[in-house]
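**Q** Take this structure first; my questions come after.
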Amino acid sequence: MTPPHSVRPFAMSGRAKAGLLLLLAYTVYAGAQLDFSWARFESGMGHASTFLSRMFPPNFEKPATLWKGIAESLEIAVLASVLGVLIALPIGLLGARNMMPAWVSWPARAVVALCRALHPVIVAILFVKAVGFGALAGILALTVASIGFIGKLFTEAIEEISLKQVEAVRATGASFANVIIFGVLPQVFARFIGFATYQFDSNLRNSTMVGIVGAGGVGGTLFSAFQRFDYDFVSAILLTLIAIIMLGEILAGFVRAVFLDNLGFERILQGRFAGARGVGASKAPVARKAEVEE
């Protein structure tokens, strides 16, 4: 029998219930203010079906135009990722409050917050006005976005490290650079690889958006195809972008395996093929780790 005064799980207080009701009421109010109606949704679904029917089958009869834009987007993404990571590393370190005094960490965190304040498309418009149309504006815009993202996450990763390892390195009389190399980086290296690979994937997607405003890449080609109502070519561009993003995810897996598991290219392929065939799926993680170390 349940005790009469037992505490119910997930019970909400009166204030929590009032806040939930206010949020629900504001959601309804916002929907009314933005002219969100079911009739518009139904008509939009009809227009979407017509639009999708004109997109298929995709038209790959303009490979030169397509691959020129794709290649430029790849170049923008790679350059912006490399520059953003190289600049975000020292800024993220300076912003860590457990490693730096307040008069150093707060300006660095302000720089990171400033880089994150605006959407990459807005930043791209500003750079297009400053340096003109082309890939340079896209590289600069995505570099700023990379600094904001990587700098924030890298700062938070450093602030979560164990200071015991840092103090142990300091006790040996090591310099500040050696403390960073041997006391800080080993604790955040795995997370940093994940941040860097995700940022490259993000820059590859954002390179399409900044191209729409004239900052280079396949976005300009995509926008021109929309203006010409060339929807089958739009479909070809979108399918190509999806394929490249999927290949980028596979590449990110290879990068993690090389840097984090110290595996060679042949060993990675063997593991991929074995996983596809279901071989070794029943092995315990400890056994797989022992094979890697061997």
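The values are calculated or read from the model by the stated rules, or taken from the named source; none is laboratory data. The structure presented is a predicted model; accordingly, all values stated were derived computationally and were not measured. In this analysis, Cβ positions are derived from the backbone assuming ideal geometry, glycine residues included, and neighbour counts consider all displayed protein chains. Surface areas here come from the heavy atoms of the whole protein model, side chains and all, with no ligands, DNA or RNA. Shrake-Rupley method; radii C 1.70, N 1.55, O 1.52, S 1.80 Å.
**Q** Report, ordered by the first and then the second residue, all pairs with beta carbons closer than 8 Å, sequence separation of six or more or different chains, a first member in segment 223-236 that is within 17 Å of ALA48 (Cα to Cα) and open to solvent by 10 Å² or more (accessible area, probe 1.4 Å), and a second member that is modelled with pLDDT of 80 or more and assigned to a helix (DSSP H, G or I).
**A** From segment 223-236, the pairs are PHE226/VAL234; TYR231/ALA225.
**Q** Now for a separate question. Considering each residue of segment 121-133, count those that are farther than 18 Å from LEU204 by Cβ and either in contact (Cβ under 8 Å) with a residue 24 or more places away in the chain or not hydrophobic (A, V, I, L, M, F, W, C) (or both), and give that number.
**A** Going residue by residue through segment 121-133, those that are farther than 18 Å from LEU204 by Cβ are 122, 125-133.
Those left that are additionally either in contact (Cβ under 8 Å) with a residue 24 or more places away in the chain or not hydrophobic (A, V, I, L, M, F, W, C) (or both): 125, 127-129, 132-133.
The number of residues fulfilling the criteria is 6.
**Q** A further question on this structure: Can you pull out the residues in segment 100-116 that are part of a helix (DSSP H, G or I) and either of a type outside the set (A, V, I, L, M) or surrounded by 15 or more Cβ atoms within 10 Å (Cβ to Cβ) (or both)?
**A** Initial filter on segment 100-116 (part of a helix (DSSP H, G or I)): 102-116.
Result: TRP103, VAL104, SER105, TRP106, PRO107, ALA108, ARG109, VAL111, VAL112, CYS115, ARG116.
**Q** Scan (1) in a helix (DSSP H, G or I); (2) modelled with pLDDT under 80 for the single condition GLU61 breaks and write down its number.
**A** (1)
**Q** Condition (residue is under 23 Å from PRO186 (Cβ atoms), in a helix (DSSP H, G or I) and open to solvent by 30 Å² or more (accessible area, probe 1.4 Å)) applied to segment 121-129: is it met by at least one residue?
**A** The initial filter retains those residues of segment 121-129 that are under 23 Å from PRO186 (Cβ atoms), namely none.
Checked against the condition, which is being under 23 Å from PRO186 (Cβ atoms), in a helix (DSSP H, G or I) and open to solvent by 30 Å² or more (accessible area, probe 1.4 Å), segment 121-129 yields no hits at all.
**Q** Considering only residues that are open to solvent by 40 Å² or more (accessible area, probe 1.4 Å) and modelled with pLDDT of 90 or more, which ones fall in segment 137-158?
**A** LEU140
**Q** Can you list residue pairs whose Cβ atoms sit under 7 Å apart, with the first residue in segment 37-53 being within 24 Å of LEU238 (Cβ to Cβ) and the second being surrounded by 10 or more Cβ atoms within 10 Å (Cβ to Cβ)? Count only pairs 6 or more apart in sequence or on different chains.
**A** PHE51/TYR231
**Q** What is the one condition in (1) free of Cβ contacts under 8 Å to residues at least 24 places away in the same chain; (2) surrounded by 13 or more Cβ atoms within 10 Å (Cβ to Cβ) that ALA71 does not satisfy?
**A** Just one mismatch for ALA71, condition (2).
**Q** If you don't mind, there's one more thing I want to ask. Is there a residue in segment 203-214 that is open to solvent by 10 Å² or more (accessible area, probe 1.4 Å), farther than 23 Å from MET100 by Cβ and either out of contact with any helix residue (DSSP H, G or I) (no Cβ under 9 Å at 6 or more places or on another chain) or not in a helix (DSSP H, G or I) (or both)?
**A** Looking through segment 203-214, at least one residue is open to solvent by 10 Å² or more (accessible area, probe 1.4 Å), farther than 23 Å from MET100 by Cβ and either out of contact with any helix residue (DSSP H, G or I) (no Cβ under 9 Å at 6 or more places or on another chain) or not in a helix (DSSP H, G or I) (or both).
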